[in-house]
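The values are calculated or read from the model by the stated rules, or taken from the named source; none is laboratory data. No experiment lies behind these values; they were computed from the predicted model shown. Positions of Cβ are generated from backbone atoms using ideal geometry, with glycine treated the same way; all protein chains shown enter the neighbour counts. What goes into the accessible areas is simple: the full protein's heavy atoms, side chains included, and nothing from ligands, DNA or RNA. Shrake-Rupley method; radii C 1.70, N 1.55, O 1.52, S 1.80 Å.
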Amino acid sequence: MDPITNPIPHRAPTPTATPSAPAIDSEDWRKDPPLIERAVQDQVNIYRLAHGLQALQYREDIASIALRHSRFQATQEQIGHEGPNGQTVENRFANTDYLCGENVLMRPRALAFREIYGIVVGREGDIFDMELDELAAELVQMWIESPDHEQNMRGSHYEIGGVGVYYKESPEELYVTHNLCFSK
């Protein structure tokens, strides 16, 4: 399913955990990464609501920009905020009505514990053996463990957002970009 032309209706975020979804098998997961995009946004909103902040409204136009950046990172096999020709998040949103922050990450399909900023994050295992909400919570936890990424999630000025998830098959890696924005 193309996340740009076939959006999935947004589930309203709540401050409680999302009900458990069936385990994602590789076939279902590859057919519908927008489920993970929405689950990540929901987990970010659960985190924001728990910290007294407003939930971010999901926007497909922002998600499509995030997806392009995730795809770029996967093709370049790099993780970062710089896009083609040195493009920044500001450049990616220059022709929109938004000012945005950005969180990015790469999660291998199978992960042993890894260290980010001196903190051990992630869990051992295969993402295809995880529940949807468990995977989304792990991805958001990776951002929480990074001070700059957590600061973005706690930005009180952000009102809207979008997530782009790109799955690279060889090597099997999940690239995630979350743009948190407010209107200019």
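Structure values in brief
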| read-out | value |
| --- | --- |
| Summed side-chain charge close to GLU82 - residues other than GLU82 whose Cβ falls under 11 Å, Lys, Arg +1, Asp, Glu -1 | 0 |
| Residue-count net charge about PHE93 - beta-carbon cut-off 15 Å; Lys, Arg +1, Asp, Glu -1 | -3 |
| For segment 35-41, Karplus couplings with θ = phi - 60° (6.51, -1.76, 1.60), whole Hz, Gly/Pro x | 4, 5, 4, 5, 5, 5, 4 |
| Computed FRET value (nearest 0.05) for ALA94 with ASP129, which takes r as the C-beta separation and R₀ as 30 Å | 0.15 |
| Solvent-accessible area, 1.4 Å probe, carbon plus sulfur percent, for segment 123-182 | 41 percent |
| Under-5 Å amide H pairs with GLU173, H placed in peptide plane, nonlocal only | ARG109, LYS168 |
